[in-house]
Amino acid sequence: MFIMPEYREPDFSAAVFQSAPDVKMEPCEKDGVVPDYFHSTSIYPEYFKINGQWILAAESRMDSCVVYRENGTLDVVEQRNVKKGDMVILGRSEKCEEGIYLHVDGFTESDGEIDDQFKFRANRSRETAFARDYNNIYELFEYEKEHGKIVFVMGPACSFDYDSRKAMESLADKGYVHGLLAGNALATHDLEAGLLGTALGQDIYTQKSKPNGHYHHLDVLNKVRRCGSIPRFIEEYKIDNGIIYGLVKNNIPFVLTSSIRDDGPLPEVIADAYEGQRQMRDMLRDATTIVCLATQLHSIASGNMIPSFRVREGKVRPVFFYCVDISEFVTNKLHDRGSLGAVTLVTNVQDFVCLLDKGVK
């Protein structure tokens, strides 16, 4: 049975908090430009002393600034989105010296591990056993289905396989997908598979190339653009299977963002990078479990957009972040960037999705 980790807030009665000064602020003099010595946020809970009280910035993300509002709340805002007159918090220390406290161990508990300086395997690799991780994610998903928001961040690999497409559609049908972030390729090749049974011209079951198969995704792009939207294409061409079909059928929102190398693209693909980032963040703003599958840039972007915690009904709870990829480079990259302390699984994402679908009710 899943047990939500309990958050332990700082002891604000301690002398270090009591003697700390109020945090300093300064107004922006120009839209999109913050004052010098602004404070940049992290993934962790951060508290700011204002009028003698320690206030949590409840909605945070990496590499942004903190704006104090007249109603006494704190907003974490990307630098480009600040407005002239916004009161921006200053300070670059994190242990109360400037009225700022970074709380990195609010969910930390001793796991009873030995405290040796040397361990034969310090990081997770393709040799790591992931059985416990699968059991944990099954329990987590069953909890989050009713109490949280599960967002998948997906590269095109899952659309190239018959079974993983079927498994993702099943997860959507069972209520385990609350949103999806992807690019043009995932949706294009999944719709190609739904219409023609191929992805990039290869049969999604046998992996055999079809005659003139390299035209298939281009033909599908053209048909969708002629229809004007993905839902209209699904209706007109009677698509009845796949990842995108499962989302549309169940009214699950998705955000597709562009790449410089996109074909087409599909009508729903957002070409403006900053608008795409905004819509991705809106999707992730209340996400509590994120599963990234075989997409390096989308995975890193998602890790940068969310904190390691959420405030729900007045309580602080953790955000769970999974990165699944066959490449250890990608999983290590998430660790190197400090993104959430991600749980990484070095495995084939197609197998992962199928096992996930089998493991949840």
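Annotation: amide H of ILE55 within the under-5 Å range of PHE48, LYS49, ILE50, sequence separation 5 or more or interchain, hydrogens built in the peptide plane. Can you give the calculated 222 nm mean residue ellipticity of the chain, where each DSSP H run of n ≥ 4 adds -39,500 (n - 2.57) and the sum is split over every residue, rounded to the nearest 500 deg cm²/dmol? Theoretical 222 nm ellipticity from helices: -9500 deg cm²/dmol. Computed over segment 157-293, the P(r) curve from all C-alpha pair distances, binned at 5 Å from the origin, holds 2, 11, 20, 23, 22, 14, 6, 2, 0, 0 percent per bin.
Report the net charge of residues surrounding ALA271, where surrounding means a beta-carbon distance below 15 angstrom and charges are Lys +1, Arg +1, Asp -1, Glu -1. List each step's numbers first, then the result.
Numbers: positive: ARG225, ARG261, ARG278; negative: ASP262, ASP263, GLU268, ASP272, GLU275.
Summing Lys and Arg as +1 and Asp and Glu as -1 gives -2.
The slack between ASP36 and ALA15, meaning 0.36 nm per residue of separation minus the straight C-alpha distance, is 4.6 nm.
Shape index of segment 15-102: Rg/Rh, with Rg the Cα radius of gyration and Rh the Kirkwood radius from the inverse mean 1/r over Cα pairs, equals 0.94.
Across the cross-link table entries LYS30/LYS333; LYS149/LYS208; LYS145/LYS223; LYS208/LYS238; LYS95/LYS149; LYS223/LYS361, which are compared at the Cα atoms, the separations over 30 Å belong to LYS30/LYS333; LYS149/LYS208; LYS145/LYS223; LYS95/LYS149; LYS223/LYS361.
Sort 258-268, 80-90 by the packing proxy (mean of other Cβ within 10 Å over each peptide's residues), most packed first. All intermediate terms of the calculation are to be shown ahead of the outcome.
Working: 258-268: 15.4, 80-90: 17.2.
In decreasing order of mean packing, 258-268, 80-90 become 80-90, 258-268.
With neighbour counts taken as other beta-carbon atoms within 10 Å, the residues THR344, THR73 rank, fewest first, as THR73, THR344. Taking all Cα-Cα distances within the chain, those exceeding 26 Å account for 55%.
Listed by chain and number, the aspartates and glutamates placed with their C-alpha closer than 20 angstrom to that of LYS84 are GLU26, GLU29, ASP31, ASP36, ASP63, GLU70, ASP75; residues fewer than eight positions away on the same chain are left out.
In segment 226-361, the inverse of the mean reciprocal separation of distinct Cα atoms equals 16.8 Å; this is its Kirkwood hydrodynamic radius. Residues in segment 282-291 carry Karplus couplings, in order, of 4, 5, 8, 4, 10, 5, 10, 9, 10, 10 Hz; the curve used is 6.51 cos²θ - 1.76 cosθ + 1.60 with θ = phi - 60°, and Gly or Pro positions show x. Highest mean first, the peptides 140-147, 297-304 sorted by other C-beta atoms within 10 Å per residue fall in the order 297-304, 140-147.
The amide H of PHE12, built 1.01 Å from its N in the peptide plane, has no neighbour under 5 Å, considering only residues 5 or more places off or on other chains. Modelled label positions at LYS315 and LYS223, each set 7 Å beyond Cα in the direction of Cβ, lie 4.9 nm from each other.
No value in this document is a laboratory result; all are computed from the given coordinates. The structure displayed is predicted, hence computed values, not measured ones. Note: ideal-geometry Cβ built from the backbone for every residue, glycine included; neighbour counts use all protein chains shown.
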